[in-house]
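J.: Okay, here's the structure, questions in a sec.
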Amino acid sequence: MKVILKNIMESIVLQKLDETVDKLGCCTCDECRRDIASYALNLLPSKYVVTPEGEMYSKLNALSMQYEADLLSALSQATQVVSQKCRHKPLAK
């Protein structure tokens, strides 16, 4: 039997990053976005699911105000770290 695990925090973090990246005041290239997402994911608890029902329940849970605050805090912290230690040369303006 094949078991498929999915960490739905990945999709939630990427969605929230898409919604807020312009307001975070950081580089928006793919490399920096991946660095921000991975840093934020390491700060947040994993949310693994194996069924569509579990995914839906967890996404509904993600709508709570505390959950949203934790998510934005992790993204903000990740943005600060990545901005200070950007792995590529500054982009030409």
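The values are calculated or read from the model by the stated rules, or taken from the named source; none is laboratory data. The structure presented is a predicted model; accordingly, all values stated were derived computationally and were not measured. Quick reminder, even Gly has a Cβ in these numbers, built from the backbone with ideal geometry, and neighbours come from all protein chains shown. Accessible surface areas use protein heavy atoms only, side chains included; no ligands, DNA or RNA. Shrake-Rupley method; radii C 1.70, N 1.55, O 1.52, S 1.80 Å.
J.: Pairs under 9 Å by beta carbon, first residue in contact (Cβ under 8 Å) with a residue 24 or more places away in the chain and under 9 Å from residue 40 (Cα atoms) in region 74-85, partner assigned to a helix (DSSP H, G or I) and of a type in the set (D, E, K, R), six or more apart or different chains?
T.: Matching pairs, first to second residue: 75/16; 78/35.
J.: Please tell me if residue 70 is free of Cβ contacts under 8 Å to residues at least 12 places away in the same chain and open to solvent by 50 Å² or more (accessible area, probe 1.4 Å).
T.: So residue 70 does not fit the description; no.
J.: Something else about it: Return yes or no: is residue 74 hydrophobic (A, V, I, L, M, F, W, C), at pLDDT 90 or above and within 17 Å of residue 87 (Cβ to Cβ)?
T.: no
J.: Identify the residue in region 26-45 that is loosely packed, with under 11 Cβ neighbours inside 10 Å and under 18 Å from residue 71 (Cα atoms) and, among all such residues, is farthest from the chain's Cα centre (by Cα).
T.: My answer is 45.
J.: Further, regarding this structure: Taking only pairs six or more apart or across chains, which ones have beta-carbon atoms under 6 Å, a first residue in region 31-52 that is over 15 Å from residue 80 (Cα atoms) and free of Cβ contacts under 8 Å to residues at least 12 places away in the same chain, and a second residue that is of a type outside the set (D, E, K, R) and surrounded by 12 or more Cβ atoms within 10 Å (Cβ to Cβ)?
T.: If the second residue must be of a type outside the set (D, E, K, R) and surrounded by 12 or more Cβ atoms within 10 Å (Cβ to Cβ), no pairs are left.
J.: Here is a follow-up. Consider residue 72 against the criteria (1) touching a Phe, Trp or Tyr at 6+ places or on another chain (Cβ under 9 Å); (2) of a type in the set (A, V, I, L, M); (3) closer than 30 Å to residue 89 by Cα: it satisfies all of them except one. Which criterion is unmet?
T.: (1)
J.: Where residues in region 57-67 are modelled with pLDDT of 75 or more and over 16 Å from the mean Cα position of the chain (by Cα), which of them is surrounded by the most Cβ atoms within 10 Å (Cβ to Cβ)?
T.: 64
J.: Then there is this: Looking at (1) modelled with pLDDT under 80; (2) open to solvent by 70 Å² or more (accessible area, probe 1.4 Å); (3) under 13 Å from residue 27 (Cβ atoms); (4) not aliphatic (A, V, I, L, M), can you tell me which one residue 80 breaks?
T.: Against the list (1) modelled with pLDDT under 80; (2) open to solvent by 70 Å² or more (accessible area, probe 1.4 Å); (3) under 13 Å from residue 27 (Cβ atoms); (4) not aliphatic (A, V, I, L, M), residue 80 comes up short only on (1).
J.: I need the full set of residues from region 46-56 which are closer than 17 Å to residue 15 by Cβ and more than 13 Å from the chain's Cα centre (by Cα), in order please. Break it down into steps so the answer makes sense when it comes.
T.: Taking region 46-56 as the starting set, the residues that turn out to be closer than 17 Å to residue 15 by Cβ are 46-47, 49, 55-56.
Residues satisfying the conditions are 49, 55, 56.
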